1. Among LEU150, LEU118, LEU174, which is in contact with a helix residue (DSSP H, G or I) (Cβ under 9 Å, 6 or more places away or on another chain), of a type outside the set (Val, Ile, Thr) and open to solvent by less than 10 Å² (accessible area, probe 1.4 Å)?
2. Please enumerate the residues belonging to region 46-57 that are more than 13 Å from the ligand (Cβ to nearest atom) and without any contact (Cβ under 8 Å) to a residue 24 or more places away in the chain.
3. How about region 30-48: which of its residues are open to solvent by 30 Å² or more (accessible area, probe 1.4 Å) and either part of a helix (DSSP H, G or I) or touching a Phe, Trp or Tyr at 6+ places or on another chain (Cβ under 8 Å) (or both)?
4. For region 49-92, what are the residues that are part of a helix (DSSP H, G or I), surrounded by 24 or more Cβ atoms within 10 Å (Cβ to Cβ) and of a type in the set (D, E, K, R)?
5. Tally the residues that are in contact (Cβ under 8 Å) with a residue 24 or more places away in the chain and either open to solvent by 40 Å² or more (accessible area, probe 1.4 Å) or in a helix (DSSP H, G or I) (or both), restricting the search to region 2-28.
6. Is it the case that some residue within region 136-148 is in a helix (DSSP H, G or I), within 10 Å of the ligand (Cβ to nearest atom) and in contact (Cβ under 8 Å) with a residue 60 or more places away in the chain?
7. From the list ILE96, ILE85, ILE121, pick out the single residue that is out of contact with any Asp or Glu (no Cβ under 6 Å at 6 or more places or on another chain) and either under 21 Å from ILE44 (Cα atoms) or within 10 Å of the ligand (Cβ to nearest atom) (or both).
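The values are calculated or read from the model by the stated rules, or taken from the named source; none is laboratory data. All values reported here derive from a predicted model rather than from experimental measurement. Cβ coordinates were reconstructed from backbone atoms using ideal geometry, including for glycine residues, and neighbour counts include every protein chain displayed. Heavy atoms of the whole protein, side chains included, go into the accessibility calculation; ligands, DNA and RNA do not. Shrake-Rupley method; radii C 1.70, N 1.55, O 1.52, S 1.80 Å.
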Amino acid sequence: MDINTFIKELESLNIYPTQKQLDQLETYYKLIIDWNKKINLTRITEKGDVYLKHFYDSLTLIKAYGLNKKIKVCDAGTGAGFPGIVLKIVFDNIDITLVDALNKRVMFLNEVIKELELKNITTVHSRIEDFAKENREKFDLVTSRAVSRLNLLDELCIPLVKENGYFIPMKANLEGEIEEAESGIKKLGAQKEEIISFLLPKEGSVRNLIKIRKLNKTSIKYPRVFDKIKKNPL
Ligand code: SAM
């Protein structure tokens, strides 16, 4: 996907990036390529692919949630910053926390934040399950792209969401995951509201946004999965 096509596809998401934001994305792309030589950030490196499969894909979260608001967002298992860094560049009104268990990736994110002079963005080197114990009900929106199966991810992320807030995982493949997760979602005080499915432009692979609304505070003190994961990390 070349830049002009990227801009055109964003129009259909009602996103109109400024020149400054496009420049920031370009600098981010260059930093990814540069750091990818030293640490493992992504297998996708061809420029058009990064713009489509990482940048555009990250921004499709707008299909499920209005991001033009001053809200507190958490990206759990952000890796090289997807979707978190891309969201912060384009929706600079959000206050975002990026969590990842791999310190080298967190160091990369800190460099990106410094280079792009991003504000109201925090990185946390932690496992989500540990971070969640100290940050329950803190976020309006929690998202997570390509981290683990839904039934595990729900238990890690729903405790982080404020009442009436949303957890919206971004997943390519669902294969039975919804059925597997349904009862856990209820136990955590939440409800699956909608699944928004669509195809990525150009290459046509399936994407899903699972819109999960937090109805009540999570009453389970520490969801059972936390200790299980400690023994067998994801
Ligand atoms: N979200 C990014 C993306 O879409 O490209 C990264 C996806 S990568 C497949 C999964 C990331 O989740 C890795 O960076 C890994 O370190 C992180 N991760 C996996 N389990 C985690 C956990 N329990 N706590 C924090 N980070 C975790």
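1. After ruling out the rest, the residue left standing is LEU150.
2. GLU46, LYS47
3. We begin by selecting, within region 30-48, every residue open to solvent by 30 Å² or more (accessible area, probe 1.4 Å); these are 30, 33-38, 40, 43-47.
Of everything in region 30-48, those that are open to solvent by 30 Å² or more (accessible area, probe 1.4 Å) and either part of a helix (DSSP H, G or I) or touching a Phe, Trp or Tyr at 6+ places or on another chain (Cβ under 8 Å) (or both) turn out to be LYS30, ILE33, ASP34, TRP35, ASN36, LYS47.
4. Residue satisfying the conditions is LYS88 alone.
5. Within region 2-28, residues that are in contact (Cβ under 8 Å) with a residue 24 or more places away in the chain and either open to solvent by 40 Å² or more (accessible area, probe 1.4 Å) or in a helix (DSSP H, G or I) (or both) number 12.
6. Looking through region 136-148, none of the residues is in a helix (DSSP H, G or I), within 10 Å of the ligand (Cβ to nearest atom) and in contact (Cβ under 8 Å) with a residue 60 or more places away in the chain.
7. Answer to the check: ILE85.
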